[in-house]
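Colleague: Questions regarding the structure given below will be posed in turn.
No value in this document is a laboratory result; all are computed from the given coordinates. Here the structure is a predicted model, which means the values were calculated and not measured. Quick reminder, even Gly has a Cβ in these numbers, built from the backbone with ideal geometry, and neighbours come from all protein chains shown.
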Amino acid sequence: MNGRSVMYNWMSHWGFSGEGAVKRNGYTIAYKELDANDIAPSFANNVSGLAPSSVTFFKFCFADFDGSNLATRQKEVEQVIATAKGRQLKLIIGNALPVRKEDGSPEMVQEYRKYNAFLDRQAASNQDVWVYDFYGVLAGPDGFLKPEYQTEDSHPNEKAYAVLDQSLFPLLDKVFAGQGQSSSPNRAHSAYP
């Protein structure tokens, strides 16, 4: 699981204490932090040594989107996919994490939707790439983090992580079972708000 604070908190929700791995729903899950200033290279470093066909998860933090940097995020995702392909890894990419309305802007919501559509296209055209749909679970109709999933900032709360678990583990089952791509991108949910 490659990410930053939201991923760390999700791991903590499963009992992660800051080192080692956790066991959850029959899976052994380890956490690797991404360097906010060097995202794609830090992902490459984090997955070095994984055996071919290993499954890895990549996601940006909500702080990585500002409404004007979509091209940068897309380029980084292309680098992450190239790394995973080069190492013969199965890759799950988490789509955009919505922020609270007071922390965001209409430009950010538009960027989230464009980024999510970009990920769907990447999953549809790259074998062994899946999209995990944070956005469809956590965002309300306005495109921002639903009030019931908010903390004192834009980090999701425990209720949000419990709801995310309901779609993550079935996706992991599918990826580990070797179920390939279909005509539509592999996603944990089917529609954005």
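Colleague: Considering amide H positions built from the backbone, and no H for Pro or chain starts, which residues 5 or more places from residue 24, or on another chain, come under 5 Å of its amide H?
Modeller: Placed amide hydrogens put 29 under 5 Å from residue 24.
Colleague: While we're looking at this one, here's another question. Rounded to whole Hz and in sequence order, give me ³J(HN,Hα) for region 32-38 from the Karplus expression 6.51 cos²θ - 1.76 cosθ + 1.60, θ = phi - 60°, writing x for Gly and Pro.
Modeller: 10, 7, 8, 7, 4, 9, 8
Colleague: If you don't mind, another one. Normalised by the number of residues in the chain, what is the relative contact order in percent for Cα pairs under 8 Å and 6+ residues apart?
Modeller: Result for the chain is 20 percent.
Colleague: Which value at 222 nm does the chain reach when only helices count, each DSSP H run of 4 or more adding -39,500 (n - 2.57), with the total divided by all residues and rounded to the nearest 500 deg cm²/dmol?
Modeller: -13000 deg cm²/dmol
Colleague: How long is the chain along each principal axis, judged by its Cα atoms, biggest number first, in Å?
Modeller: Sorted from largest, the Cα extents of the chain read 43, 35, 33 Å.
Colleague: Using a Cα distance threshold of under 14 Å, what count of lysine pairs results for region 2-176 when pairs must be 8 or more residues apart or interchain?
Modeller: 6
Colleague: Enumerate the amide H contacts of residue 89 below 5 Å, restricted to partners 5 or more residues apart or on another chain; note that Pro and chain-start residues carry no placed amide H.
Modeller: 53
Colleague: What size of dipole, in debye to the nearest 20, comes out for region 2-176 about its Cα centre when the only charges are +1 on Lys and Arg C-beta atoms and -1 on Asp and Glu C-beta atoms?
Modeller: 620
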